[in-house]
Amino acid sequence: MPKVAVVGLGAMGSRIAQRLLDSGHEVLVWNRDTTKTGALTDAGARAVENPVGAAHGATAVITMVSNPEALRDVTEGPTGVAAGSSPSTTVIQMSTVGTNATARLASVLPTGVGLLDAAVLGSVAEAESGALKIYTGGEDTLVERWTSLLSTLGSVIHVGPVGAGSAAKLVANAILVGVIGVLGEALALGEELGLPRAVAFEVLGTTALADQTERRRPSVESGEYPHASRSRSHARTPI
């Protein structure tokens with residue numbers, strides 16, 4: 001199995017790293033806040049000092065960070081992933097950062113370094129269970145080479161060249177935001193008309209919104225909406 005580095009250990013990155021460890025991969029990890037590496041190193045991962053060290057030590061480097069600025073921070077400069085990459089390295093960019101940031105990353109990687117643009121649809125539960133949808137942009141041969149690895153994390157959907165994965169994720173986000181808005185309007189209408197909340201959920205469970213109704217119900221009923229991702233790149237991200 002190839003040695004894999006995961007750069008960025010937030011809610012998603014930490015679970016991606018754990019999935020890879022559980023599947024038998026040798027995993028290197030790096031995070032700006034080093035306290036987040038402890039659970040993974042206890043599980044068998046090896047922490048590195050900086051992103052350049054992650055790239056030096058691995059065949060594939062997965063980046064999972066919160067925004068384009070964070071992606072620049074971990075990939076550019078003397079301690080960035082690009083500085084440690086060689087023609088034997090593949091960078092697998094899984095953050096939701098938009099196509100401009102993806103194009104910038106492609107431009108700073110040394111000649112010969114492989115790049116897969118592999119934005120994901122799904123949240124913490126999907127990352128833990130390996131049920132992410134992975135919209136993958138890149139050369140056919142590179143996608144084929146890394147499909148086995150990515151399949152540990154979810155379903156690989158090859159959508160085109162580098163940049164297409166980020167574009168596909170933004171399209172998916174646009175639909176998701178709309179669905180959540182419709183769900184909220186439907187619940188508000190039910191409340192206005194005197195329909196008990198439990199009954200409204202039961203009714204919505206019989207509609208095309210059934211899956212999202214079930215997914216969002218615990219948060220609506222508890223009034224707690226934990227952040228599943230810190231990404232600021234949604235449907236209006238510049239492309």
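Projecting each Cα onto the charge dipole of the stretch 77-174 (Lys/Arg +1, Asp/Glu -1 at the beta carbon, about the Cα centre), which of 168, 79, 119 comes out farthest on the positive side?
79
With angles folded into 0 to 90 degrees, how steeply does helix 98-108 sit against the dominant principal axis of the chain? Use alpha carbons for both and round to 10.
0
Counting Lys and Arg as +1 and Asp and Glu as -1, what is the net charge of the other residues whose Cβ lies under 14 Å from the Cβ of residue 216?
For residues surrounding residue 216, the net value is -2.
Decide, for the chain, between rounded, prolate and oblate: order the square roots of the alpha carbon gyration tensor eigenvalues as a ≥ b ≥ c, take rounded if a/c falls under 1.5, and otherwise choose prolate if a/b is larger than b/c, else oblate.
Prolate shape, in that a/c is at least 1.5 and a/b is the bigger ratio.
Relative contact order for the chain: what is it in percent, counting Cα pairs under 8 Å that are at least 6 residues apart?
Normalised by residue count, the contact order of the chain is 17 percent.
Could you give the length gained on full extension between residue 39 and residue 69, defined as 0.36 nm per residue of separation minus the Cα-Cα distance, in nm?
On the way: separation 30, 0.36 × 30 = 10.80 nm, distance 2.63 nm.
Full-extension gain reported as 8.2 nm.
Indicate, rounded to the nearest 5 percent, the antiparallel portion of the DSSP beta bridges found entirely in the chain.
Roughly 15 percent of the beta bridges in the chain run antiparallel, per DSSP.
Pop out the ³J(HN,Hα) list for the stretch 42-49 in order, Karplus 6.51 cos²θ - 1.76 cosθ + 1.60 with θ = phi - 60°, rounded to Hz; leave Gly and Pro as x.
The phi angles translate into 4, 8, x, 6, 10, 7, 10, 6 Hz.
Taking all protein chains as present, what is the carbon and sulfur share of the accessible area of the stretch 80-239, in % to the nearest whole number, probe 1.4 Å? Don't skip to the answer; put the middle values down first.
On the way: 4740 of 8340 Å².
After summing per-atom areas, the C and S share lands at 57 percent.
Report, to the nearest 10°, how far helix 140-151 tilts away from the longest principal axis of the Cα atoms in the chain, using its own Cα long axis and a range of 0 to 90°.
For 140-151 against the chain, the angle is about 60 degrees.
Under 19 Å from a label point 7 Å along Cα→Cβ of residue 199: give me every residue in the stretch 209-223 with its amide N that close.
221
The values are calculated or read from the model by the stated rules, or taken from the named source; none is laboratory data. In this text, all values refer to a predicted model and were calculated from it rather than measured experimentally. Ideal geometry is used to build each Cβ from the backbone, glycine not excepted, and the neighbour counts take in all protein chains shown. We work out accessible area using only protein heavy atoms, side chains counted, and drop any ligands, DNA or RNA first. Shrake-Rupley method; radii C 1.70, N 1.55, O 1.52, S 1.80 Å.
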